[in-house]
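*Asks:* One structure is given below, represented as structure tokens, and several questions about it will come after.
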Amino acid sequence: MSDQRLNQSSHEDWMRKALGLATKAMLEDEVPIGAIVVYKGKIVGQGYNQCNSLNDSTAHAEMLAITAASNTIGDWRLTDCTMYVTKEPCSMCAGAIVNSRIEFLYFGCYDEDLGACGSKFEICGHVSLNTPAVVRGNLLSGESLALIKEYFFRKRKKIKDLSRE
């Protein structure tokens, strides 16, 4: 299904799937970011941050979702695919999104420190690159940001509690 024909509630439904993965990441003590790749109305790839559990700095939600989608489709080119991710992709992930030819990108909250889709850098959406045709942020951004804030609040509290012992 063409991305142009999806309505806002459909995009929100897909983003809620990504938010579910972000919640799973938080339960596993990972930064709560989730991503899905949709092709022809079906999830073909999904991932959530697993840098700590996999001991891999590249195990971001987007990277894992792209790898899973490529394996499902049987092609590294993810043309006609849409990615939903709960936080603005970093430069590594934005580069992977561009290289994999993902056509549409929707993300939750912006990342003013490391975001590469308009906040800090402009990789996805840059006019000189073959980037996704549509790049939109702020899709359920409140929910995405709330998870991230809760995660880091818990981390700081845990560190504070440990320092008291």
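*Asks:* Hey, got a sec? Which GluC sites (Glu not before Pro) in the range 77-160 land in a DSSP loop and have at most 12 other Cβ atoms within 10 Å?
*Replies:* Qualifying residues, ordered by number: GLU112.
*Asks:* Where the centroid of each part is defined by its Cα atoms, how far is the range 71-150 from the range 1-68 in Å?
*Replies:* 11
*Asks:* Quick one: give the max-minus-min coordinate of the C-alpha atoms of the chain along each principal axis, largest first, in Å.
*Replies:* 55, 30, 29
*Asks:* How high is the relative contact order of the chain, in percent, counting Cα pairs under 8 Å that sit 6 or more residues apart?
*Replies:* Relative contact order of the chain: 18 percent.
*Asks:* Another question, if that's okay. Using θ = phi - 60° and the Karplus form 6.51 cos²θ - 1.76 cosθ + 1.60, what ³J(HN,Hα) does each residue of the range 65-76 get, whole Hz, x for Gly and Pro?
*Replies:* 3J(HN,Hα) across the range 65-76, in whole Hz: 5, 5, 4, 5, 5, 4, 5, 5, 6, x, 7, 6.
*Asks:* Summing Lys, Arg as +1 and Asp, Glu as -1, what charge do residues with Cβ under 15 Å from the Cβ of SER141 carry, SER141 excluded?
*Replies:* Overall, the nearby charge balance is -2.
*Asks:* Can you check what the net charge comes to around LEU129, using other residues whose Cβ is under 14 Å from the Cβ of LEU129 (Lys, Arg +1; Asp, Glu -1)? Each step should come with its number before you reach the end.
*Replies:* Values: positive: ARG101; negative: GLU103, GLU122.
Residues near LEU129 contribute -1 overall.
*Asks:* Looking at the chain, identify the longest residue range that excludes and avoids all trypsin sites (Lys or Arg not before Pro) in DSSP loops having at most 16 other Cβ atoms within 10 Å. Write down the numbers at each step before the final one.
*Replies:* Working: sites that count: LYS40, ARG77, ARG101, LYS120.
For trypsin sites (Lys or Arg not before Pro) (loop position, at most 16 other Cβ atoms within 10 Å), the longest site-free span of the chain is 121-165.
*Asks:* Which Cys in the chain stand alone, with every other cysteine's Cβ at 4.7 Å or more from theirs?
*Replies:* So far as the 4.7 Å Cβ criterion goes, CYS51, CYS81, CYS90, CYS93, CYS109 stand without a partner in the chain.
*Asks:* Also, I was wondering about something else. Give the residue from ALA25, GLY137, ALA61 lying farthest towards the positive end of the charge dipole for the chain; charges sit on Cβ (+1 for Lys and Arg, -1 for Asp and Glu) and the dipole is referred to the Cα centre.
*Replies:* ALA25
*Asks:* For the chain, what does the helix formula give at 222 nm: sum of -39500 (n - 2.57) over DSSP H segments with n ≥ 4, over the residue count, nearest 500 deg cm²/dmol? Mind dumping the intermediate values first?
*Replies:* Numbers: 5 runs with 70 residues, N = 165.
Calculated at 222 nm, the ellipticity per residue is -13500 deg cm²/dmol.
Read-outs: derived from the displayed coordinates by stated rules, not from any lab. Owing to the predicted nature of the structure, the values given are computational and were not obtained by experimental measurement. Every residue, glycine as well, gets a Cβ built from its backbone with ideal geometry; the counts of neighbours run over all protein chains shown.
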